[in-house]
1. What nm distance separates the two modelled labels at A:GLU40 and A:GLU110, each placed 7 Å from Cα along Cα→Cβ?
2. I need the trypsin sites (Lys or Arg not before Pro) found in region B:85-136, filtered to DSSP loop residues with at most 16 other beta carbons within 10 Å of theirs.
3. Say we join alpha carbon atoms closer than 10 Å with springs in a Gaussian network model of chain A; which of A:GLY59, A:GLY88, A:GLY12 then has the biggest fluctuation?
4. Put simply, what bits of region A:131-151 lose 40 Å² or more of accessible area when the other protein chains are there, versus the chain on its own (1.4 Å probe)?
5. Summarise the partner chain shielding of A:78-89 as one whole number: the mean count of Cβ atoms from other chains within 10 Å of each residue's Cβ.
6. Scattering from the C-alpha atoms of chain A alone, worked out with Debye: what is log10 I(q)/I(0) at q = 0.12 1/Å?
7. For chain A, what is the mean residue ellipticity at 222 nm derived from helices alone (per DSSP H run of n ≥ 4: -39500 (n - 2.57); sum divided by total residues; nearest 500 deg cm²/dmol)?
8. Taking just the alpha carbons, could you work out the radius of gyration and Dmax for region B:1-79, both in angstroms?
2 protein chains.
Amino acid sequence: MRAALEVIAERGYRGASLAAVAERVGLTQQGLMHHFPTKEALLVAVLEERDRWDALPAGRLRLDLLASLVEYNAMRPGVIQTFSALLGESVTEGHPARGFFTERYGRVRESMAEVLRAEYGERLPGGLTPERAAPLVVAMLDGLQYQWLLDPGSVDMAEAFRDFLALLGGAPDGSPGGS
Amino acid sequence: MRAALEVIAERGYRGASLAAVAERVGLTQQGLMHHFPTKEALLVAVLEERDRWDALPAGRLRLDLLASLVEYNAMRPGVIQTFSALLGESVTEGHPARGFFTERYGRVRESMAEVLRAEYGERLPGGLTPERAAPLVVAMLDGLQYQWLLDPGSVDMAEAFRDFLALLGGAPDGSPGGS
């Protein structure tokens with residue numbers, strides 16, 4: 001799985017091959033295909049594996065934990081690179097990750113709305129409902145990752161995300177997550 | 001150029017071929033290579049062409065025009081798909097668009113900071129400097145595009161971006177760009 005993550009980070013999914021993944025783990029392509037019969041099967045396994053790793057029990061995610069997750073992500077550029085590359089590729093026609101991402105983003109927006117509702121109730125300080133604000137949080141997470149991956153010295157992803165949370169919470173004094 | 005945009009939107013850059021672009025415009029691959037000797041040369045031409053089309057004279061961009069640009073983008077999914085796919089791929093190793101995007105984002109953040117300074121002066125209503133807020137605006141634009149491309153029925157990119165601008169401008173009543 002880690003080898004697949006690395007190969008996708010380096011070449012993207014379309015540029016990756018089962019042969020390259022197999023070589024990296026010292027298997028024959030045949031041997032790898034015993035576990036993952038197709039490149040698509042390997043891709044889906046990688047995507048689901050990440051969600052398993054990063055999943056929190058329902059109701060345990062909070063806005064301040066989200067900021068910590070961004071900080072944590074800044075220390076594992078390989079994983080972020082893989083998923084940013086896959087998200088980008090997924091908007092091309094017939095990409096095997098497209099269904100996964102479409103469905104995932106639907107779920108992520110819903111759970112983000114719940115996080116916002118737990119923090120702010122039915123209206124955020126700026127007046128948005130949790131459902132209207134949820135896609136903005138998700139977009140900020142994704143968008144900052146691209147700028148940071150391209151130029152880590154110029155963009156402090158964790159600091160920028162905290163700036164955004166402060167805006168959501170009605171800055172200047174409404175830093176989110178404090179209680 | 002339009003054929004190249006289409007082929008990249010469908011297959012990504014790594015999946016695209018000069019042969020596919022040539023076929024779409026009724027040229028031999030030889031004929032196409034007379035104008036663009038390599039796939040990379042065609043890619044760079046496409047990237048620069050878009051910036052030429054969308055460029056405004058220095059100092060003419062304003063926050064409210066940015067909201068209009070998002071509305072306009074929502075009517076040309078092909079162009080947005082191409083550039084979102086390329087941005088995604090560009091974070092993989094040695095991708096020929098990486099330098100272009102890194103350099104472009106540096107410029108875009110700078111010009112965004114100028115736009116914010118023209119609108120709000122040295123501090124935005126939420127307390128951020130224009131330089132701290134600029135990457136957030138850029139990230140929101142990119143991030144919303146992915147959610148919208150994956151599921152246009154669920155995400156209203158233009159409305160969501162206006163929501164974000166209102167937050168930046170110190171909502172509830174600070175809708176930006178009005179004067």
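1. Those two pseudo-labels are separated by 2.5 nm.
2. Qualifying residues, ordered by number: B:ARG123.
3. Most flexible of the set in this elastic network: A:GLY59.
4. Flagged in region A:131-151: A:ARG132, A:LEU136, A:ALA139, A:MET140, A:TYR146, A:GLN147, A:LEU150.
5. Partner-chain Cβ atoms within 10 Å, mean over residues of A:78-89: 5.
6. -0.63
7. Per the formula, -22500 deg cm²/dmol.
8. 15.1, 46
The values are calculated or read from the model by the stated rules, or taken from the named source; none is laboratory data. Keep in mind the model is a prediction, meaning the values are calculated, not measured. Glycine gets a Cβ as well: all are built from the backbone with ideal geometry, and neighbour counts include every protein chain shown. In case anyone asks, the SASA skips ligands and DNA or RNA and just uses the protein heavy atoms, side chains included. Shrake-Rupley method; radii C 1.70, N 1.55, O 1.52, S 1.80 Å.
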